[in-house]
Each structure stands twice: as C-alpha cells, then as structure tokens.
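In what follows, a structure is listed as structure tokens, so that the remarks can point back to it.
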Amino acid sequence: MMTRGTGIVGYNVQTAVDTQNHLIVAHEVTNFGSDRDQLSSMAKQARDAMASETLAVVADRGYFKSEEILACHDADITAYVPKPMTSSAKADGRFNKDAFVYDATKNEYICPAGEALPWRFSSIEKGMNMHCYWSSKCQGCALKTQCTPSKNRRVRRWEHETVLEEMQRRLNDAPDMMRIRKRTVEHPFGTLKQWMGSTHFLTRKLVGVSAEMSLNVLAYNMKRVMSIIGTASLLKAMAV
C-alpha cells in the first residue's frame, strides 16, 4: 500500500459506524493509502445497510475531496467534512480565500479592501472546471502586502463550489459534529484492538484480509448487540 509516496506492508480499513448504537454498519478493506476517495462509497454502503432514505455522514479532514463531497450531495447524503488547513497565503500571514466574499448575482468576488474581482476565464484543472477572478486595481491597494506578492491576487472557484460552501455553513452551525465523530468511530477500533486483541491481521492478500476483517466486524457487532439488548434477546432474534 502506498501512503505519502512510501510503500508500506498493510491495508487501509474503512468503517462506517452509526451514532446511536455504535454498530459497524459498513466496512471495506482497501490497499489505497489515502482516505480521500472513500467518502461517498462508504456513505452509500452505510445508507443501504441501514435501509435509510436520509443519511448524514461525518468524517475527518483526511476525507476531504471536492468530488467526493459532490457525490454525497448528488446522492442526497448530507456531508460534514472539515477542509484541510493548507492555505499557503494564511500560513504566510496573508489573506486566505475565505477573506474574499462571493457575490453570486454578479459572479464576482469582493476582496478585503472592498474591490470587485470580476470573472476572467475558465479552465480545466485536474478534471475540474475552475473559474478565475481577479482585480486590475491590486497595484495601488494599501492592503497588497497582506494579500499577495504577485501583480494581482487571483481567486479560483470550482463550478460546484456552492456545495462546499453549504457544507462549511453546516459545520459552522454544528460545532459538536467532530466530537461526535471522534467518540463514535473510534469506539469500535478501541474495542477491536484493546478488548478483542485484533491488533494486526493474521492473513495475507486483500481477499484474506477482507474476510478476516469481516469476521472481526461480525464478532464486534454481536458483542455490541449483546451489550445493548442482552444475550437472551439476541438468541431469540436469531432463532426467528
């Protein structure tokens, strides 16, 4: 498995856990080192397993990918995924993109100095349709040193940027979401590793590891259900 450009011997285990009972409702073993392409697939599997028409999915920054969030949106799945803090401008003490306000009626951005950045052109970047905006008044701006070292500040906007903006507003309105994620999804892994002794895989190759993980998930879910409804109730339900 490749992770951060380095090959390691291991697999990436994906799980979807429900917030009410902490049951693993979907899981998958992959040999992809990154989580960025897994969000919509796991969310759809979880919704199918729960036979639910609606679903909210909460994931950490490692799952943030614009296309995956759009896929959730198109599938009527409400996503809560914080954006990674990778702005070089902000790291250097300059205004980041969030300081520029988009005006949908005029299709332009307003910069911190109050100047308009009109639309200039569109281009395809990594398969995504991006729109570019900039002002011709940057050279004489009193805030230029806080904005850009270049001739002018350019702001790029994805054609589906509104989907990401809507998600960010949801996150702002629900600050406890990431704490809910932490106490939900990390609970099963702690139980599997510390209480059930599944600290590493005993099999090799993807098919074997996938089967092993499925057995671990089955054992965990049975243990969890027995804790919730009792052994007698579980046996009665299984006998039907």
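The values are calculated or read from the model by the stated rules, or taken from the named source; none is laboratory data. Because the structure is predicted, anything quoted here is derived from the model rather than measured. Don't worry about glycine lacking a Cβ; one is built from the backbone with ideal geometry, like all the others, and counts go over all protein chains shown.
Which ones in segment 110-137 are surrounded by 15 or more Cβ atoms within 10 Å (Cβ to Cβ) and either β-branched (Val, Ile, Thr) or modelled with pLDDT under 95 (or both)?
110
Conditions tested, residue by residue: (1) of a type in the set (S, T, N, Q); (2) assigned by TED's automatic domain parsing to the domain that holds residue 61; (3) touching a residue at least 40 places away in the same chain (Cβ under 8 Å).
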site: 100; (1), (2), (3): no, no, yes
site: 118; (1), (2), (3): no, no, no
site: 124; (1), (2), (3): no, no, no
site: 141; (1), (2), (3): no, no, no
site: 172; (1), (2), (3): yes, yes, no
site: 176; (1), (2), (3): no, yes, no
site: 182; (1), (2), (3): no, yes, no
site: 201; (1), (2), (3): no, yes, yes
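Among 9, 57, 25, which is the only one that is modelled with pLDDT under 95, under 30 Å from residue 218 (Cα atoms) and of a type in the set (A, V, I, L, M)? Walk me through it before giving the result.
Details: 57 fails: modelled with pLDDT under 95; 25 fails: modelled with pLDDT under 95.
Just one listed residue meets the conditions, 9.
Looking at segment 186-227 only, could you name the residues that are polar (S, T, N, Q) and at pLDDT below 95?
Passing the criteria: 191, 194, 198, 199, 203, 227.
Hey, among 203, 191, 184, 199, which residue is surrounded by fewer than 15 Cβ atoms within 10 Å (Cβ to Cβ) and either under 22 Å from residue 57 (Cβ atoms) or over 26 Å from the mean Cα position of the chain (by Cα) (or both)?
Working: 191 fails: surrounded by fewer than 15 Cβ atoms within 10 Å (Cβ to Cβ); 184 fails: surrounded by fewer than 15 Cβ atoms within 10 Å (Cβ to Cβ); 199 fails: either under 22 Å from residue 57 (Cβ atoms) or over 26 Å from the mean Cα position of the chain (by Cα) (or both).
Going through 203, 191, 184, 199 in turn, just one is surrounded by fewer than 15 Cβ atoms within 10 Å (Cβ to Cβ) and either under 22 Å from residue 57 (Cβ atoms) or over 26 Å from the mean Cα position of the chain (by Cα) (or both): 203.
Tell me, please, whether a residue that is within 25 Å of residue 172 (Cα to Cα), in contact (Cβ under 8 Å) with a residue 40 or more places away in the chain, in a strand (DSSP E or B) and not assigned by TED's automatic domain parsing to the domain that holds residue 131 can be found in segment 52-68.
Yes: segment 52-68 contains one or more residues that are within 25 Å of residue 172 (Cα to Cα), in contact (Cβ under 8 Å) with a residue 40 or more places away in the chain, in a strand (DSSP E or B) and not assigned by TED's automatic domain parsing to the domain that holds residue 131.
On the given criteria, is residue 71 within 30 Å of residue 179 (Cβ to Cβ), part of a strand (DSSP E or B) and under 23 Å from the mean Cα position of the chain (by Cα)? Lay out the reasoning, then the answer.
Working: within 30 Å of residue 179 (Cβ to Cβ): yes; part of a strand (DSSP E or B): no; under 23 Å from the mean Cα position of the chain (by Cα): yes.
Answer is no for this residue.
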